[in-house]
Amino acid sequence: MSPRSVLIANGPNLGRLGAREPDVYGSFSFDELTARCREWATRFGFDADVRQTDDEAELVTWLQQAADAATPVILNPAAFTHYSYALRDAAAQVPVLVEVHLTNPAARERFRHESVIAGVASGTVAGFGFDSYYLALAALSRRSE
Ligand code: DQA
């Protein structure tokens, strides 16, 4: 069987992993996250397309394309989590979407406690560093068994 596609989409500042607040986000780079996600995806029978953008409109376009192709999505909306209704409306069109966060926003500053994406996500994994993506892939592979 050929591997199923999954889009792993990442929002603003996640391209700065490693350099960005390493005490909060760790010392591994986005390239390292990408490599791990690809490897884990392969193990679960997926072909992962891992992307990052700082641009809200680009992220919205990627979700619309995933919706049209019925491609499942793992989304780290980064700061857009907390205020982007445009991204929420795009996420609502994707049949299977797992929201992921490296940190646990509920345990951080107050403005991070609300996710406007969570209500249209299939589920959320937060607080486990890179392993949040692993757990999201595991959940997706169980859903599509
Ligand atoms: C984040 C949490 C967000 O609050 C923050 O704006 C990010 C990263 C996370 O993965 O922990 O950029 O989504």
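No lab work stands behind these numbers, since they all come straight from the coordinates. Small disclaimer: the values here were computed from a predicted structure and weren't measured. Cβ atoms come from the backbone with ideal geometry, glycine included; neighbour counts cover every protein chain shown.
Using the rule -39500 (n - 2.57) for each DSSP H run of four or more residues, divided by the residues of the chain, the 222 nm mean residue ellipticity is -10500 deg cm²/dmol. Given +1 at the Cβ of Lys and Arg, -1 at the Cβ of Asp and Glu and no other charges, the dipole of the chain around its Cα centre is 360 debye to the nearest 20.
Positive end of the dipole of the chain, charges at C-beta (+1 Lys, Arg; -1 Asp, Glu), about the Cα centre: which of GLN52, GLY11, ALA107 has its Cα farthest in that direction? Value computed over the given set: ALA107. Comparing GLU32, GLU109, GLU21 in a Gaussian network model of the chain, where Cα atoms under 10 Å apart are tied by springs, the biggest mean-square fluctuation is seen for GLU109.
Based on a Kirkwood Rh over C-alpha pairs, give the Stokes-Einstein translational diffusion coefficient of the stretch 1-70 at 4 °C and viscosity 1.567 mPa s in µm²/s.
Values: Rh = 13.1 Å.
Diffusion coefficient, whole number: 99 µm²/s.
Short version: what are the Cα gyration tensor semi-axes of the chain, square root of 5 times each eigenvalue, largest first, in whole Å? List each step's numbers first, then the result.
Values: eigenvalues 90, 67, 38 Å².
Here the semi-axes work out to 21, 18, 14 Å.
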